[in-house]
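So the structure is just underneath, and the comments pick up after that.
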There are 2 protein chains.
Amino acid sequence: MVNNYYIQANDNPELTAERKNCTFDTQKLAALYYGSKEKLDKRRKFDEFIKKLPEFQNEKSSIFMSRLERFDENSKKSVAFFDHFLTEVDTSDPNEVAMFYEKFFSYDGSPIALHLFVFLPNILNSMAGEQQQYWLNLAMNKQIIGTYSQTEMGHGTNLRKLETTATYDKETDSFIINSPTITSTKWWPGNLGKTCNVTIVVAQLYIDGKCYGPHSFMVQIRNFDNHKPLPGITIGDIGPKFAFANVDNGFVRFNNVKIPREHMFMKYAKVEKGGKYIKPLHDKTAYGSMIFVRSIMLLQQAQYLAMACTVAIRYSCVRRQGELEDKSEEVKVLDYQTQQYRIFPQLAKAWAFSAAGKYIMELFNKVNKDLTSGNADLLPQLHCLTSGLKSVISFQAGLGIEQCRMSCGGHGYSHASGLPNIYATQIGGCTYEGENMVMLQQCARYLMKIAAAVKERKNEMKGDKLFGYYFKNYHNNKCNTILEMLEAISYNKTMDVYDRLNKLKASGMSHELAWNNCAVDLCQAAKAHVSVFLCLIYNEFVNKLNDPGVKNVLGLLKDLWEKYELLHLSSSALKYNLINGKDLDKIKISLYDDLTKIRPQAVSIVDSFDFTDRDMITVLGRRDGNVYDNLLKWAQSSELNQYEVLPSHKKYLLPMTKSHEKSKL
Amino acid sequence: MVNNYYIQANDNPELTAERKNCTFDTQKLAALYYGSKEKLDKRRKFDEFIKKLPEFQNEKSSIFMSRLERFDENSKKSVAFFDHFLTEVDTSDPNEVAMFYEKFFSYDGSPIALHLFVFLPNILNSMAGEQQQYWLNLAMNKQIIGTYSQTEMGHGTNLRKLETTATYDKETDSFIINSPTITSTKWWPGNLGKTCNVTIVVAQLYIDGKCYGPHSFMVQIRNFDNHKPLPGITIGDIGPKFAFANVDNGFVRFNNVKIPREHMFMKYAKVEKGGKYIKPLHDKTAYGSMIFVRSIMLLQQAQYLAMACTVAIRYSCVRRQGELEDKSEEVKVLDYQTQQYRIFPQLAKAWAFSAAGKYIMELFNKVNKDLTSGNADLLPQLHCLTSGLKSVISFQAGLGIEQCRMSCGGHGYSHASGLPNIYATQIGGCTYEGENMVMLQQCARYLMKIAAAVKERKNEMKGDKLFGYYFKNYHNNKCNTILEMLEAISYNKTMDVYDRLNKLKASGMSHELAWNNCAVDLCQAAKAHVSVFLCLIYNEFVNKLNDPGVKNVLGLLKDLWEKYELLHLSSSALKYNLINGKDLDKIKISLYDDLTKIRPQAVSIVDSFDFTDRDMITVLGRRDGNVYDNLLKWAQSSELNQYEVLPSHKKYLLPMTKSHEKSKL
């Protein structure tokens, strides 16, 4: 019986041998990862479809390209994307849109990312009626490519302090968009620099000298006929970044640019002709889109980590180095405990994060439905939780990817592994969509509310799983499971920092200063709470599984995750007397045992992520395991090797070395 | 009285205000960092000298260049380097050579790095007499540029398994260098790909069918007249990496390339005409060069971290975001506890690592002197210790740099900050010169010897500070200082894993498997031992200081480091009953206090690293603090902004958006 469906002829026998160990059905695990067999099949269908398109023949590795070449390549693909998008994709399913997009552009960014995933959703969610229809038509006719310009050079996190202004001009019934300072320059918006011809601009709304805070406006930035920047607009690319070389993150400055009043986004707040301001009915909508973006982020972050695990685990079964007992042959490096300890917890995390992402996405859809019926109770909680999750997951995914990369030794440092770029791309997630330290404190803010409720013996906590169920039930430090220990750690950390915060305030310190004094502890309480949530969701996720083979391997990963997490928090476990050192050692030893149980399944588990080599942009993590000869081929096709002797060498160093008569060697 | 000498007119007043808080003499701290006032002055003199050279006028940011452009730029500078090297530099002082080199090429790599820092030292150390003179002459006449080719595609760490062969051919009295497999391809040597015309090759020496293990051979790889690869030699660049775009890390394959017998390095082992092999007198020499390279690495790693701290701290005093008590003005982000907690421990580490690097460098010089008088006793210990230090410091520096980078928010992700490149460059240190997990186990190997000696109540430990002094003295778990707690943790971790290792062996497991079973714990014991060493050296370093101002700030950093380190190891401290939770909390609170004490000195401390903006390749960390307008200028000069409309846009997306008649907007 073959359980692993990734075996092919002419594969590296080292990987085939690994795959023959498989105890579960990789098709089933893959379907679980993508949500269902149908989704997995659709994803594979897209892969087949795209591979046949003319734009995808003889693809050159983007890592060898200048940014100009990358834009040439991806603009071409963008046109192809729009050509096939409406016929091939059910555009009402965001998941399908994302899958189709990913197969086109991999994780490497594109000129149309913001248009698809931020600009269009904003039109759908924050415009209504005629206004919406107007812009939607332009988009559907492919006449506009748009983005969303919020962040400024001087302000990201503190939106209230954005400096761009939109001043209502009664005489012409229009808004004047202006960038009053250098720091007010819009900075970072994806695809703003070179690609988009319109953008949503978030600006402080001024009417009759009064500021109404940040609002959204649609602004045309480039001429539709020749794509040149319109008068009053200074625009460009912000220059190279850690990753995302395919994306023209841009800057724009407005020198009193006039737009019609109707270009303000008017589904919620409105400005009437003459300047009358109509307040929005409720202000929860901002939460909604933030939660949506973050739940997508969780799945993305899990995916980056899963890719890194795939590369590291496959390569670790190809690479042989050093000996154990048998001196006749070097061992696969994955047989070393240190290698397993570096990589397998990351694999366990990839599944934990993916399960959390799936859960939050489902919950968001439910909460969003409630919202239309006027019930927004769970929104703030969900927002706080996703803030914490976003922070913890993005940070841990980064650490994990780097462990995977380093576990590949020197080759992990080469772009041939794909890992440097996976890391550099992923790690942006610690910063965008809310800086992590700020996010943790948002999560902590809610924890402090719960702590107050506990202290006052109130019982006002809603949304069991989201927050606080264990604060209600908490009785003593007797813990029977790791979940209970994590709960106790979170509970104690939260109550400790709550007490310290209040002590400082009681001593006369302002709330702001006291909070700042406790900020590091508040962040750590938030992290502990996220641990509880992950543990809970991971357990639920595994418990619900039916297939014994799949349940068995994911159960192994879940066990490993729990133990690793507890050891990570062992200082708190000891401090709060939840466990003693001896029992902690037992858990550690049993974690080492888990590693050896996962070892024979490792390749099959990562195979089941169903990533193609192209998805991961990797040579080192190739499915077929034929690594070394392809490394050489890859290198030989790289930039510098287009010259037998570099022009610069002929110009400078060769004349120098030839300036003396050579001795005969 | 002005203590901070980095204040200039037209600086950002935010930084000037910070600098006016300075309580110590920045000149003195800078002199301490570089070793002496003379060295600091020499470094500044080099900076002035180079800035005036024609090759350094109107430098373009390397981050905007293709690799070909980078090679053009750096080849030009390499010729200038050789032009001035002998007249400007005392070449007998490796420190001065390095300083001069750094001012030419920053940390960004060059075509001549390996020639200067690996190739020439190898000729000096592993050749003698006529042979040495011959190659040295060629080098001094700038006729050869060389490198050192050891690592192969399939083998790095396990040198015994290198596959390249050097077979003695009696008939022609020569060696035949050959690459028998794909995996035997030499892979990674710096400057091998395009620049060098000769290389040292490490190959298995075969005489009459017998293998004598790896030896070094000098091999010409390119024609001296036209720089083309010689017959039988396939050579090229290995392609792009995480960083080091300026370096042509290369590959080379030898197809039975014949070299004269005399091109074997013959200071130690020798092959006589006819094929008689003469064994080297002793085999400790390999240790020497490894220790030397690693002690340089420690200083380099400290420097990368110091640079990241400089950028992060300066920018954190320019950036204002959010409010505390005073609502009239946003606060400098460095006033947030979370920001201080992210950055200041990194600053404390930079100094810890630098102190350790200085100590090891001095000790190495001493030990090296002993060596010439035949005393090699300390060498194995020193080798093990530097293995551990290299591993811990490179890993922690990486984490620290990323914390600094993330603390700069979005701008930290831009190459304008310099931080992505500092990280990507630094983090290679976890892999090169010995993969970190292997390094830690080398360190642990020695710890196991000490543990055995303790168990057998032997007293055979030498070199007090290097190893084991606290194993000798260890009595109970009563600890009065953090140093003593770190000692106790290291002692207990070592003895625990020693016991487990022996229990496994007693149960019938082979040494190799038992070791592998304990490998993670062995690594952690090694890390704990490195903590003790760092703590000891840091204390010594601070205690020796005379200047009260300097001593005060470095004392603050040392205190912070100790507390941070103990909290990092607090799980062990609790497990071994060295401290209770309450006292641990007190240490934590006192750490938070330390942060606020360091806060007003932070800018002045990093100023004293005396890095120029050019050294750090940064806009965000500029000395003058004029960040925002320069960010804009930097962006505007970047690659994509050379076109108002990208050629690719005209080609693909503009025709698409224009394909429909536009509605009037």
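The values are calculated or read from the model by the stated rules, or taken from the named source; none is laboratory data. If you're wondering where the values come from, they're calculated on a predicted model, not measured in any experiment. So basically every Cβ, Gly included, is an ideal-geometry build from the backbone, and we count neighbours across all protein chains shown.
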- prompt: List, please: which pairs have Cβ atoms under 6 Å, are six or more places apart or on different chains, and start with a residue in region B:175-187 that is in the same structural domain as B:Q204 (by the TED database) and end with one that is among the polar types (S, T, N, Q) and assigned to a strand (DSSP E or B)?
  reply: B:I176/B:T167; B:N178/B:T165; B:K186/B:S149
- prompt: Is one or more of the residues making up region B:23-45 within 14 Å of chain A (Cβ to nearest Cβ) and over 25 Å from B:Y304 (Cα atoms)?
  reply: no
message: Out of B:S149, B:S216, B:S179, I need the residue that is closer than 15 Å to B:F119 by Cα, of a type in the set (G, A, S), surrounded by 18 or more Cβ atoms within 10 Å (Cβ to Cβ) and touching a Phe, Trp or Tyr at 6+ places or on another chain (Cβ under 7 Å). Which one?
response: B:S216
Hits in region A:326-336 (condition: surrounded by fewer than 22 Cβ atoms within 10 Å (Cβ to Cβ) and either assigned to a helix (DSSP H, G or I) or at pLDDT 90 or above (or both)): A:E329, A:E330, A:V331, A:K332, A:D335
- request: For region A:385-397, name all the residues that are surrounded by fewer than 24 Cβ atoms within 10 Å (Cβ to Cβ) and not polar (S, T, N, Q).
  value: A:F395
- prompt: Applying the selection to region A:107-121, what residues are over 16 Å from A:Q220 (Cα atoms) and not charged (D, E, K, R)?
  reply: A:Y107, A:G109, A:S110, A:P111, A:I112, A:A113, A:L116, A:F117, A:V118, A:P121
- request: Would you confirm whether any residue within region A:115-127 is among the aromatic types (F, W, Y) and within 11 Å of another protein chain (Cβ to nearest Cβ)?
  value: no
message: Out of B:D93, B:D72, I need the residue that is modelled with pLDDT under 95 and among the charged types (D, E, K, R). Which one?
response: B:D93
- prompt: List the pairs whose first member sits in region A:596-614 and is not assigned by the TED database to the domain that holds A:N3, whose second member is modelled with pLDDT of 95 or more and assigned to a loop (DSSP other than H, G, I, E, B), and whose Cβ atoms are under 6 Å apart, counting only residues at least 6 apart or on separate chains?
  reply: none
- prompt: Given region B:374-433, what helices (runs of 4 or more DSSP H) lie entirely inside it while holding 2 or more residues that are of a type outside the set (A, V, I, L, M), touching a residue at least 12 places away in the same chain (Cβ under 8 Å) and away from chain A (no Cβ under 13 Å)?
  reply: B:379-407
message: Being of a type outside the set (S, T, N, Q), in contact (Cβ under 8 Å) with a residue 40 or more places away in the chain and within 14 Å of chain A (Cβ to nearest Cβ): is that true of B:C518 here?
response: no
- request: Looking at (1) crowded, with 19+ Cβ neighbours inside 10 Å; (2) under 23 Å from A:Q27 (Cα atoms), find the lone condition where A:K597 falls short.
  value: (1)
message: Testing B:T23 on (1) in contact with a helix residue (DSSP H, G or I) (Cβ under 7 Å, 6 or more places away or on another chain); (2) outside any helix (DSSP H, G or I); (3) modelled with pLDDT under 95, one condition comes back false. Which one is that?
response: (3)
- prompt: Would region B:178-189 turn up any residue that is on the phi < 0 side of the Ramachandran plot and more than 13 Å from chain A (Cβ to nearest Cβ)?
  reply: yes
field: Failed criterion for B:A203 (all others in (1) within 14 Å of chain A (Cβ to nearest Cβ); (2) more than 30 Å from A:Y652 (Cα to Cα); (3) aliphatic (A, V, I, L, M) hold)
entry: (1)
- prompt: Pairs, please: C-beta under 9 Å, at least 6 apart or cross-chain, first residue more than 7 Å from every other protein chain (Cβ to nearest Cβ) and in contact (Cβ under 8 Å) with a residue 24 or more places away in the chain and in region B:630-658, second surrounded by fewer than 17 Cβ atoms within 10 Å (Cβ to Cβ) and of a type in the set (K, R)?
  reply: B:S637/B:K60
task: Could you tell me whether region A:46-63 includes any residue that is within 23 Å of the chain's Cα centre (by Cα), without any contact (Cβ under 8 Å) to a residue 60 or more places away in the chain, farther than 27 Å from A:N249 by Cα and not assigned by the TED database to the domain that holds A:D613?
output: yes
task: Tell me, please, whether a residue that is away from chain B (no Cβ under 12 Å), outside any helix (DSSP H, G or I), farther than 30 Å from B:N580 by Cα and hydroxyl-bearing (S, T, Y) can be found in region A:593-607.
output: no
- request: Among the residues of region A:558-582, count how many are facing chain B (nearest Cβ under 9 Å) and in contact with a helix residue (DSSP H, G or I) (Cβ under 7 Å, 6 or more places away or on another chain).
  value: 10
- request: Could you identify the single residue in B:K258, B:K273 that is within 14 Å of chain A (Cβ to nearest Cβ) and charged (D, E, K, R)?
  value: B:K258
task: Could you grab me the full set of residues in region A:227-255 that are more than 8 Å from chain B (Cβ to nearest Cβ), touching a Ser or Thr at 6+ places or on another chain (Cβ under 9 Å) and not basic (K, R)?
output: A:T234, A:A243, A:F244, A:A245, A:N246, A:V247, A:N249, A:G250, A:V252, A:F254, A:N255
message: If I filter region B:608-629 down to residues being of a type in the set (S, T, Y) and more than 26 Å from A:T234 (Cβ to Cβ), which single residue comes out as nearest to the other protein chains (Cβ to nearest Cβ)?
response: B:T612
